[in-house]
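The values are calculated or read from the model by the stated rules, or taken from the named source; none is laboratory data. Note that this is a predicted model, so its numbers are computed, not measured. Reconstructed Cβ throughout: ideal geometry from the backbone, glycine too, with neighbour counts over all protein chains shown. Please note that ligands, DNA and RNA were not included when accessible areas were found on the heavy atoms of the full protein model with its side chains. Shrake-Rupley method; radii C 1.70, N 1.55, O 1.52, S 1.80 Å.
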Amino acid sequence: MRLCTPVSLCLAAAAALLPASAHAESGPSCGGPDTGDFPLTTRLHGGPGSYRAGGGYGTWYLDLTNTTSRTCAGVHPVVVLVDAERALQPSQPHLEFYADGRPHPVHFETTDEDELVGALTGRPAEEPRTTGPTPPAAFAGFTVPPGETLTVRLRLALTSDAVANEITANAAVVQRHGDDGEWVGQSNDYRFTVEAGPRPATPEPDASATASASASVSASASASATAPATGLPYLAEEAKELARTGLTSPAGVLAATVCLIAVGAALLVARKRR
């Protein structure tokens, strides 16, 4: 029996494959005698060193090299994501793999070790049955002829709510045999960082509205500063009227004197208020 290390990786892979095992068919093992080595040499390569949350896809590759003289069929890699912050949610990574000339989605689940695992089966594990048209069959797995290398293209993106993080991706490879499976490969680590997405921009105030409001306030302040004190226009007009009618009579002189005194008092009161 070949040992898969770390142990949590094997348990995670088994948990991810279990819901889809009903779709698998029995096939001959490509493992042969237990030599302690995996029959498939597995390598992750070509991926970017950083992803931006909410950004586009990054493409990477998984090489499966059959080192035996037997054909390896029904091969299903299981991608495991381990993040340093333990904050990555199953809905945040969007991973697809290419087979049969089209992309297939990878559904992630969380393990007890806070790892995310997703088997390359081509259909989400919890996909409900419908009464409509029959959905396409689950991906039957890769076939790797003896002595050859099969390269699987994958692409990954992360949703905008993913936090800044460091993630390690690894792939365990399982060959299905009906409801059972055999470990036939395990990849190297692919490490990358996640940059937090841009924050929503704060809307700036309307420049024209701000200028209009400032002009209105300035005009009001100017009008208040230059307006004469209450009652002064009436007294001034009365003094002018007395000047036009003349000061020849004693009554006129008295009225003019009273008017000028009133004007002076009003100006004095207005100055003290300021």
Please find, among Glu96, Glu148, Glu166, Glu113, the residue that is open to solvent by 20 Å² or more (accessible area, probe 1.4 Å), at pLDDT 95 or above and more than 27 Å from Gly56 (Cα to Cα).
Glu148
Being in contact with a Leu (Cβ under 9 Å, 6 or more places away or on another chain) and either closer than 23 Å to Thr121 by Cα or modelled with pLDDT of 95 or more (or both) is the filter here, so list the residues in region 24-44 that pass it.
Ala24, Cys30, Leu40, Thr41, Thr42, Arg43, Leu44
